[in-house]
Amino acid sequence: MAQTAAELSYTPYHRETSAFSGIFSWIFSTDHKRIGILYMISVLTMFIGGLCLGLLIRLELIAPGATVIDAPTYNAVFTLHGVIMIFLFIIPGIPAIFGNFIMPLQIGAEDVAFPRLNLLSWWLYISGAALLIIALFTGDKLPDTGWTFYAPYSTATEGNISLAVFAAFVLGFSSILTGLNFITTIHRLRAPGMTWFRMPLFCWGLYATAWIQVLATPVVGITLLLVILERGFGVGVFDPAIGGDPVLYQHLFWIYSHPAVYIMILPGMGVISDLLPAFTKRTIFGYKAIAFSTVSIAVVGYMVWGHHMFTSGMSGTAQIVFSFLTFLVAIPTGIKIFNWIASLYKGSIELRAPMLYTLSFIFLFSIGGLTGLVLGALATDMHVHDTYFVVGHFHYVMFGGLGIALFGAMHYWFPKMFGKMYNEAVAVVAWALIFVGFNVLYFPMFILGWNGMPRRYYDYLPEFQYWHVVSTIGSWILALGIFMMLFNLIRGITSGEKAEDNPWGASTLEWTVPSPPPLLNFLEPPHVTHGAYDFEAMNKGKKDSKKKKKGKK
Amino acid sequence: MDHAEHHEEHPMIGYGTYISVWLALLILTSLTVAIAGFDLGQYTTAVAMLVAVVKTTLVGLYFMHLRYEPKVFHYMILVTFLIMVVIVIFTFIDDYRFSYLNHEVQAEVHH
Amino acid sequence: MSHTANVAAPAHIHKDYNGAKIGMWLFLFTEVLLFGGLFLIYAVYRTAHSHDFAEAAKELNVVLGALNTAVLLTSSLTMALAIACIHRAKKTLALTYLGITILCALVFMVIKYIEWSGKISHGLYPGSEFIMANYSKGQRIYFGLYYSMTGLHALHVIIGATILTVMFYVIYQRPNETHRWDVFGKDALNGCRVAILDKDGNEKWGSEIDESVKQVHLKMRYYSTPKRIKHEDYVSLENSGLYWHIVDVIWIFLFPLMYLIG
């Protein structure tokens, strides 16, 4: 192979010398790969924090009445769980970690378009996280508004909401900079021959995501700023006592936060579209359909925010329009799911750990998506609005979707990022625990919600206890699986076997560079001649280069 | 290293063009102020917005050089504009906002 | 390809001016939508309380508002002229126009200060007892929005002026050395002389160009001295200019919506 000679001469990115040394060579590095690793460490740290809070919520709910924490603390805990998981884990999640590390490799670029802005974005992320932690300890009480910061409670409560909201604003800025960077990178830095329709679908997912990041985040930015102004100066825009309309807050909040749901899921869908061909060794079914459905989800996603507000006192017309448009989202989503399933047909399926996560994604996300239709339909939503049904639904789409895709991506790109391999057997056991624990934890929520258990409640009627206990047990299994998975990956980094350049036999461009990649990614400038999942062309190209070498010898 | 690839330069826009645009902008500003004096009923704001859009177009095309930029800039601006329109239209579909707010005012009057 | 490149500043990153501009425009979109949220709120309340808004707007001084509009439009002009001058390598003129732009920003802020302080001294500010006692709900919202929108805009003026001041300094410290040769006609080079001078100005090598010379090849490293006006400066100045123009555009909408509805 071509790199045997090159291998001797190249330095992997994490061994590269720089102006700084030690930890500073990481936290001041503008290399997209180092920034990706920085994000991975910080985002997963936040995830573990949010996970512990989630376990605490489940533990409290194991029995009616007070169990381990008091009611105000419980309110703060679910608020923090939400804020951390949404703003610090799932929104940056895949784009910031794998978008940074993998996307430039996939399109054949040396780095992102604005490397320094990229570093700034990570620093803003860290600042946002720090501000959030400061907000916890500086108010009269902990923030307890829920992650949505609904007015007028958020403009009146004594917790240090202003700072918490400002933290979210800073995190939004970080997200905007990442999006801006990715759009420019994909427009300007694709390698020669890398046309739009030769790009891996992960890049399409990131591209659509980036547009939402750029065009939706500012709306929540101004909304959150107005909450701060409301608290500081009483501008009155959301305060009914002065003349404002709190429901308008909800509109503005969801104008961002519904598209934000697609910020969370589109990169996950992109990961799945990349993993499937790699483990079926065939081209993806309906490449263009998946690419266009990604874009159309992003577009339709702007027009459906009202379905979060069916019971908030919207006009009947608005309810019907938003309900109708919500169903439209199901079309591109369905296109994706059918294409993924069709991609399995006649593929040589290898059930390695990343593929197991991929298949679980399709299963769990389908449940999440279909229960979403129950919630999108006006009549049924009236029944299950603000119940555990909603909690179950969004954990199935967000955690079962994005979270599982992230875990899959962590296993799939692990050898590329670290040049090592994890223990496959442990990874499969951890996956099994996660899959079982997930369903035991979240499926009972559908039943609870259908029977009328409201979300965010501290206490509940005794008849709900059975399913709450089941759910809490599920949370333990899930947590066990996650810790096992993380432990396995960390052990892989420290003492795993050396990984090959392309251990999965995948066809996308990032697998043509050494593992781990050198500083500027490509030892020789790439020239792309075939589509991302064209295994035939890839194998043919390999044979040709082998022949050439033999000829030379 | 490809230093030879120069900054994609615009055709040099003459100082005169800028001055003319500036004059047009000032005239349009006085026009809006003048029109605000007349009562055009429901059209007052519409006319003011129309003038503002014309002014923005002038600033964009000449001062911001959009006339000379590649098409991709125009498409991106179009997308942003459409998103903005969508957001406004879909918020306005919820016309309970207005009856709610007016109800508040009426309640206040009754006090 | 070199493998000793610095991690902190990858030397190989290709300077992509169109890319830089796309990035700037994307940032401008976020600004547009940031204000867009406020304009949306304004539209909802104005629709509900059009009469109250018209009443409250009478408190504003149209003359000062119009004056500020003219100031900002003028600053936009001088900004565009500054960029045009940089393109023509006229550094002093460019700095003059840039200076006028910054001056306009200051004038804008002074007028803004006069307006705000006048109103605040009359008790016309959000949450004041005077407002709560004497104004209807719609009028209170009007003032809430007036301060939020013009305040956020003023913040952008300050940020813009700061950026322009930095750009002023960056360009100021570069000696005016950019030259442009426009060659017209077939024999434009005929009778010219090419020479290489050392640091004292003595000619190290020189040659006359006669009819036999058809081309002069200059093989040199561009941007070799760090202190020249570089192409990067064009694009930084252009991007700062874009930011400044968007601040102007937002005011183009704020002015009629706030001042001219009375």
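The values are calculated or read from the model by the stated rules, or taken from the named source; none is laboratory data. The shown structure was predicted, so the numbers you read here are calculated from the model rather than taken from an experiment. Neighbour counts are summed over all protein chains in view; Cβ atoms, including those assigned to glycine, are modelled from backbone coordinates with ideal geometry. The protein model used for the area step is the full one, side chains on, heavy atoms only, and it has no ligands, DNA or RNA in it. Shrake-Rupley method; radii C 1.70, N 1.55, O 1.52, S 1.80 Å.
Between helix A:161-188 and chain A, what is the angle of the helix's C-alpha long axis to the longest principal axis, kept within 0 to 90° and rounded to the nearest 10?
In chain A, helix A:161-188 runs at an angle near 30 degrees to the longest axis.
So, in nm, how far is label residue A:68 from label residue A:324 when the simple model puts each one 7 Å beyond its Cα toward the Cβ?
Result for the modelled spin labels: 4.9 nm.
What is the P(r) of the protein assembly as shown, as percent of Cα-Cα pairs per 10 Å bin from 0?
Reading upward from the zero bin: 2, 11, 19, 23, 20, 14, 8, 3, 1, 0, 0.
Could you do me a favour and compute the accessible area per residue for segment A:33-545, 1.4 Å probe, result in Å²?
Ligands and nucleic acids excluded, the result is 32 Å² per residue.
Output the Cα-based Rg and Dmax of segment A:142-221 in Å, rounding Rg to one decimal and Dmax to a whole number.
17.7, 58
Which residue, chosen from A:422, A:371, A:432, occupies the Cα position most advanced towards the positive end of the dipole of segment A:363-469, where the dipole is computed from +1 (Lys, Arg) and -1 (Asp, Glu) charges on Cβ about the Cα centre?
A:422
Please tell me which of these pairs span more than 31 angstrom C-alpha to C-alpha: A:288/A:346; A:336/C:21; A:141/C:58; A:542/B:71?
In this structure, A:336/C:21; A:141/C:58; A:542/B:71 exceed 31 Å between Cα atoms.
Any chance you could give the angle, 0 to 90 degrees and rounded to 10, that helix A:246-280 forms with the longest Cα principal axis of chain A?
30
What's the local net charge at residue C:43, with K and R +1, D and E -1, over the other residues with C-beta under 15 Å away?
Computed value for this residue: -2.
On a 0 to 90 degree scale, rounded to 10, what angle separates helix A:115-138 from the longest Cα axis of chain A?
30
Hey, any idea what % of the protein assembly as shown's accessible area is carbon plus sulfur with a 1.4 Å probe?
The C+S portion of the solvent-accessible surface of the protein assembly as shown is 67 percent.
Please work out the FRET efficiency for the pair residue A:289 and residue A:41, using the Cβ-Cβ distance as r and a Förster radius of 41 Å; give the result to the nearest 0.05.
0.65
Measuring from label point to label point, each 7 Å out along Cα→Cβ, what is the residue B:43 to residue A:470 span in nm?
6.7
Rounded to a whole number, what is D in µm²/s for segment A:134-290 from Stokes-Einstein with the Kirkwood radius over alpha-carbon pairs (4 °C, 1.567 mPa s)?
It comes out at roughly 73 µm²/s.
Roughly how much accessible area, to the nearest 100 Å², goes out of reach of solvent when C and B pair up, both sides summed, probe 1.4 Å?
5100
Could you tell me which residue out of A:248, A:172, A:236 lies farthest along the dipole of segment A:33-545 toward its positive end? Charges go on the beta carbon: Lys and Arg +1, Asp and Glu -1, centred on the Cα centre.
Comparing the listed Cα positions along the dipole, A:172 ranks first.
Rounded to the nearest 100 Å², what is the sum over both chains of accessible area buried where C meets A, with a probe of 1.4 Å?
That pair hides around 3600 Å² of surface in total.
Could you compute how fast chain A diffuses translationally, taking Rh as the Kirkwood radius over C-alpha pairs and applying Stokes-Einstein at 10 °C with viscosity 1.306 mPa s? Give it in µm² per second.
Diffusion coefficient, whole number: 66 µm²/s.
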